[in-house]
1. So L54 fits all but one of (1) in contact with an Asp or Glu (Cβ under 7 Å, 6 or more places away or on another chain); (2) modelled with pLDDT of 95 or more; what number is the exception?
2. Is there any pair with a first residue in the range 32-54 that is closer than 17 Å to R94 by Cα and without any contact (Cβ under 8 Å) to a residue 12 or more places away in the chain and a second that is surrounded by 14 or more Cβ atoms within 10 Å (Cβ to Cβ) and among the hydrophobic types (A, V, I, L, M, F, W, C) whose Cβ atoms are under 9 Å apart and which are 6 or more apart or on different chains, and what are they?
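The values are calculated or read from the model by the stated rules, or taken from the named source; none is laboratory data. Just so you know, these numbers come straight off a predicted model, no measurement behind them. Neighbour counts are summed over all protein chains in view; Cβ atoms, including those assigned to glycine, are modelled from backbone coordinates with ideal geometry.
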Amino acid sequence: MNRRHQAVTLLQASLNNPGLAKLMDAQRESTARLQSITALIPASLRNQVLAGPLEEGIWCLLLSNTTTAAKLRQLLPALESHLRTNGLAVASIRLKIRRPD
């Protein structure tokens, strides 16, 4: 029996898979939070920050190095306040250094 597999987009796959749909929603929420705070991050550091997972109210920012982490740690109160003001509140923001590729 020959089966033809049709390619589907990620959106189509997520509509048929509740687990994947939940994962995509979490990624959209995380990305929305990063877009919201980008203006508060110094321009020289913006390319060092990626949106990480959002789990149980704890949002993770993935950082390229410890220098970026040190600066963002100082900005955490302002970032959390900004998110609350914009309806994107989180219980806390966790900073994590990414491993080099």
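1. With (1) in contact with an Asp or Glu (Cβ under 7 Å, 6 or more places away or on another chain); (2) modelled with pLDDT of 95 or more applied to L54, the lone miss is (2).
2. Partner pairs satisfying both residue conditions: Q35/A51; T38/V49.
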